[in-house]
Every structure is written in C-alpha cells, then in structure tokens.
Amino acid sequence: MAKEPVRVLVTGAAGQIGYALVPMIARGVMLGADQPVILHMLDIPPAAEALNGVKMELVDAAFPLLKGVVATTDVVEACTGVNVAVMVGGFPRKEGMERKDVMSKNVSIYKSQASALEKHAAANCKVLVVANPANTNALILKEFAPSIPEKNISCLTRLDHNRALGQVSERLNVQVSDVKNVIIWGNHSSTQYPDVNHASVKTSAGEKPVRELVSDDAWLNGEFITTVQQRGAAIIKARKFSSALSAASSACDHIRDWVLGTPEGTWVSMGVYSDGSYDVPSGLIYSFPVTCKNGEWSIVQGLPIDELSRKKLDLTAQELSEEKALAYSCLS
Ligand code: NAD
Ligand code: LMR
C-alpha cells in the first residue's frame, strides 16, 4: 500500500540552498524513494515572485513522489501540519564575515518562527536548523518553543562531517564511502573540532584506523582540522556565495539518517541539545557523534578523549556559551 505523504517545510526556499534542496526532497533523497512528500516552502514577501517560480519548476519537473506544493509568505500556513521542518531562511554570511556576525539578523527570525512551529506543526515534528549561526538559532528555537521536545530540535553539522570524510578520502585516495566515524564536535563555526581519532577506512585487509593509514600526524592535527574548519569560508571566497549543493545534500543526509536510521557500526555528527555527555555543558546545542534508530538519535558514549581533544571540545563549547549570551542580548 502506498505510504501517506510526509509534509516537509523548507524556509528560505527561494534562496540558493532552497533551490538545491527542494528537488532533492521531491526526488526522495531525504526520506526515501518510496515516500511521497508534500513540500511547504516559506520565504519573505520580497522573494514571493521567485518562490512562485520555484513552485512552477517543481510542477514542470513532474516528480512522481511530489503530492503537493504550498508556496507561501505566511508563516502559519507554512508550518501547519508539517512533519519535518528544515529551517534555511535567514541571511547568509558574506566574504570577510564570521558566522556570528549574522547573529542579530537571524536569531530574531528563529524566535518568531519557534512559536509558529510550536503552535501549528504536527506533533513530533523533527526540526533541522541550517541557517547560521546554526547551533545558536536552534537553541533559540528550542527555548521559544518549549512544548517541542528538545530531542526533536537539531542543527546541521553533517556538512562539516561530510567535508571531513572528503578530506580523508582525498588524502588516502580511497572512496569516500569507505571512510567512516569521523566526528565534528561543537559549533558549526571555525572553532569546531573535526576529530579522526576514532575514524576508520574499509580496506581489502579489513577496517583500519585513519591514524594508522595517514601516518602524518602533523597533517591530521593541523591542516586537516583547519581545512574543515575553514571550508565554508573557502567556498564563499571561490563562489562568492556560500555553499549550497553540499549544504542541501548534507541536510538530506541528516534527516534521512535521523528518520531511517544510521547503518550498523556507523555514527554521524548532529548538533543536538547537550545532556552533559563528554562534560559538555548542558544548555547548548552542540555537535556530537550520534547513532539513530526508530527516529531517535543517541549520543555515542564512552569514546576516549585525549588531552588535545579535550582542549578543543572545551574551546568550541566556550564559543557557544558566548554566542548564547550574545543571542540573548540581541533579543532583549
Ligand atoms: P540565501 O540568501 O540564498 O537564501 C536565504 C533565503 O532566506 C532568502 O530567499 C531569503 O529571502 C529567505 N529569508 C530571509 N528571512 C526569512 C524569514 N524570516 N523567513 C523565511 N525566509 C527568509 O542564503 P543561502 O545561501 O540559501 O543560505 C541560507 C542560510 O544557511 C544562511 O544562514 C547560511 O549561512 C546558512 N548555511 C548553513 C550551512 C550549514 O552547514 N549549517 C551551510 C551553508 C549555509
Ligand atoms: C558553510 O559552512 O558553508 C556555511 O555555514 C556557510 C558559511 O557561512 O560558512
């Protein structure tokens, strides 16, 4: 029997990530090739005409899984009945700006959209915040939507996770699909800690630790980390726009694994509400290694954290605490 359609909200749908993301959702990349979807697309009035153009293209593409499109500038209409909300709407970073420079513009959007989601989304709606500062926007959304369970609110660090997989695969000249279990700890910012201490590669001789295959510790502890941390800025420098296709694809990966589960023995990185695991202060949305099963994520427990890693976990937590304070000062 055909499945009931799932309603997926994309905010900022007339923007560049939106333009890459909505066809992926309509093709089943996010929720599976047998899952019909109804797309809800929200943008602001100056983008209404462009949003309508995206709707026209979705019709023209005749996606078999796409059972309806709501394109609107009304936040209540956009949020009504949605099962998944991908929050992309906001102002992107331009060359020379740090992600926290876009804070004041974006946190107030997340405060007001929190209330709309809380009142009008389906019970158990899963929320993914993509717009920067992603962790802090997600935290503000959580705080101003107290009836949405905190386990349902997350932010995107899967792009950073995928970037780390890509760097290891290029370095070792192996398939990216054979690399697994990198970790992004902390903030989706230049203080994030891309960690390969537990990562491995599938080889003809079995799984081997990345640290054994890449014998160059200087690269792993230096250039690898800074490349992943700075990749967003490098894309902005090259394209003059921030990453879009990789952000959209990673958002699909994030929701797909959350809803359908992570493969056995594999974890992914998600920004989630800290429960104090790994001595990360609670009250922050922080990226952890997680596994997902039956639509729920759990933080991978018990990984040994060496001294260098500890410092990096704490540094990015410190930045998130400062961002939280700044966000509240922007809202007051
Ligand atoms: P964009 O400017 O092309 O699109 C953003 C869209 O949001 C625009 O169409 C704009 O009109 C709309 N918008 C603005 N305010 C809105 C509101 N209140 N409600 C609904 N829509 C609103 O930007 P983009 O390149 O698509 O990037 C979107 C966001 O994603 C930015 O904040 C960017 O920094 C962030 N980003 C995050 C990641 C990540 O990995 N977490 C990766 C790439 C980009
Ligand atoms: C990215 O990581 O590509 C985005 O967050 C855009 C940015 O501002 O870096």
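The values are calculated or read from the model by the stated rules, or taken from the named source; none is laboratory data. Predicted, not measured: the structure shown is a model, and the values here were computed from it. Glycine gets a Cβ as well: all are built from the backbone with ideal geometry, and neighbour counts include every protein chain shown.
Points worth noting:
- Summed over segment 237-264, residues that are surrounded by fewer than 20 Cβ atoms within 10 Å (Cβ to Cβ), within 11 Å of ligand 1 (Cβ to nearest atom), farther than 23 Å from K126 by Cα and at pLDDT 95 or above total 1.
- Taken over segment 77-97, the residue count meeting the criterion of being away from ligand 1 (no atom under 11 Å from the Cβ) and within 22 Å of E319 (Cα to Cα) is 2.
- Residues that are part of a loop (DSSP other than H, G, I, E, B) and hydroxyl-bearing (S, T, Y) were ranked within segment 265-303; the one that is surrounded by the most Cβ atoms within 10 Å (Cβ to Cβ) is S274.
- Among the residues of segment 227-248, those that are hydroxyl-bearing (S, T, Y) and either part of a loop (DSSP other than H, G, I, E, B) or within 12 Å of ligand 2 (Cβ to nearest atom) (or both) comprise S242, S243, S246.
- Where G96 falls short, out of the listed (1) more than 23 Å from K293 (Cα to Cα); (2) in contact (Cβ under 8 Å) with a residue 24 or more places away in the chain; (3) assigned by the TED database to the domain that holds D43: (2)
- V130 meets the conditions (1) of a type in the set (V, I, T); (2) buried (at least 22 other Cβ atoms within 10 Å of the Cβ); (3) over 25 Å from N181 (Cα atoms) in every case but one. The failed one is (3).
- Flag for L213 being away from ligand 1 (no atom under 11 Å from the Cβ) and outside the structural domain of F91 (by the TED database): yes
- Criterion (away from ligand 2 (no atom under 16 Å from the Cβ) and out of contact with any Gly (no Cβ under 8 Å at 6 or more places or on another chain)) met by exactly one of S329, S269, S282: S329
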